[in-house]
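Structure, as structure tokens:
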Amino acid sequence: MSAADAFIAALRPEVRDLPAYNAGASAERVREQFGVSRVAKLASNENPRGASPLVREALQRAVEEGVALYPDPSCSALREAIGATLDVEPARILFGNGSEDLLSVAAQTFLSPADEVVTVTPSFGLHVIYPQLAGARVRAVPMRNLRFDVDALCEALTPRTRMLLVSNPSNPVGAALSGDEFERLLSAVAPGTLIVWDEAYFEYARVDPSYAASLPILEQSHSPWLVLRTFSKAYGLAGLRIGYGMASDARLADLMNRVRTPFNINRLAQCAALAAWSDTAYVADSVQHAIRERERMRAALTAMGYACAPSLANFLFFDAREDADALAQRLMRAGVIVKPWHEPGFTRCVRVSTGSREDNDLFIETLGRVRSARH
Ligand SMILES: *Cc1c(COP(=O)(O)O)cnc(C)c1O
């Protein structure tokens, strides 16, 4: 046994056995590896139009001012802006290096070894990885017919549940809970459970008439909660890494602020997010574009005979009726990157983001060509 073998064998099992996050292939790699000139990257739910033009101006100004000084550790300007728009007390707002950072900080702050976490499957990989790293036991309730199984979720919740962690709308499925379902779920939550409500796709969902706004419902509940949102999706800032959260109580935010690294949001990200936040018309336009394209893609998938979940987000999840990895490989050779699902029970499912009109056309046309001949 080498020294490194022995060293690794002595580490916490949570670290040794931690699953890796599946970030997917980059456009550059696919271009090089398969020699395709055109790549449609439809695997990470980014905004194909990029960020508001105001972001470019803000970044240029920030670069001229220089980056020698540390950023504001409390993101004061952005905190004030978000607090004022959402009517949330600034001390209850949190910032993370992407909302994934806030997921990590929440797990480190609120979970102890052997704590129980209830989530769903299929789900966002980090909803399982971070709790596991903290030593928690994750109970993942399967979605049923591509909808949240509220009865099963209520049954899974016990007084020992430390955290209920759900993405609404669901990533990868796109489905969201109705107001009634959400209230029913909340009524099954014990007093010792923190509700972590990941709303990475809030900007897309909120314009759907069926969407139940969670903040007013949570504000009425007696449970502690944390809502997470991000600048990576509708705001088009995934490359800069910034997300925000709101806690039910300033004391929860204060605890997380002590656990996080002090300068977790860099200077450029703070400037860009403030500019992006101010350009509400740009975000609204991006959302409308995504919804139009999403419904066009859904119609095309349905016409090809695929079962495709209704989605309130900027992606679709469909049953490929063949091994998802194999289909994704064939699409990738033709320059189309999608996300094949790997969780047990969902390995024939594929998630595809809504991209530009041209990218979506390439996806539909390529899928028609490379899908299994059985269809
Ligand atoms: C994309 C995504 C995030 C992470 O977003 P970042 O802010 O870029 O870290 C978090 N949760 C869900 C469900 C997501 O889909």
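The values are calculated or read from the model by the stated rules, or taken from the named source; none is laboratory data. Note that the structure is predicted; figures quoted are calculated from it, not measured. Virtual Cβ from ideal backbone geometry, glycine too; neighbours counted across all protein chains shown. Just so you know, the surface numbers come from the protein's heavy atoms only, side chains and all, with ligands and any DNA or RNA stripped out. Shrake-Rupley method; radii C 1.70, N 1.55, O 1.52, S 1.80 Å.
General observations
- When all protein chains stay in place and ligands, DNA and RNA are ignored, the 1.4 Å accessible-area order of HIS127, HIS342, largest first, is HIS342, HIS127.
- The stretch 154-295 shape via C-alpha gyration tensor axes, a/c threshold 1.5: oblate
- Largest first, the three principal axis extents of the alpha carbons in the chain are 59, 57, 52 Å in whole numbers.
- Cα gyration tensor category, rounded, prolate or oblate, for the stretch 294-375 with a/c compared to 1.5: rounded
- Candidate residues GLU358, GLU219, GLU155, GLU322: accessible-area rank, largest first, probe 1.4 Å: GLU155, GLU358, GLU219, GLU322
- Length available on full extension from ASP254 to ASP5: 0.36 nm per residue minus the Cα-Cα distance, which gives 85.7 nm.
- When nucleic acids and ligands are ignored and a 1.4 Å probe is applied, VAL120 ends up with an accessible area of around 10 Å².
- Compactness of the stretch 116-168 was expressed as the Cα radius of gyration divided by 2.2 N^0.38 Å, which yields 1.06.
- Within the assembled protein chains, the solvent-accessible surface assigned to VAL207 is about 70 Å², based on a 1.4 Å probe.
- Distance from the stretch 5-23 to the stretch 194-262 (C-alpha centre basis), Å: 30
- Note on the stretch 53-278: with charges restricted to the Cβ of Lys and Arg (+1) and Asp and Glu (-1), its dipole about the Cα centre is near 480 debye.
- Alpha carbon centroid spacing (whole Å) that separates the stretch 265-340 from the stretch 141-190: 23
- Solvent-accessible surface of protein heavy atoms, probed at 1.4 angstrom with all chains present, puts PHE124, PHE7 in the order PHE7, PHE124, largest first.
- Here the sum of -39500 (n - 2.57) over DSSP H runs of 4 or more residues, divided by the residues of the chain, equals -12500 deg cm²/dmol at 222 nm, to the nearest 500.
- Carbon/sulfur fraction of accessible area - the chain, other protein chains in place, 1.4 Å, %: 53
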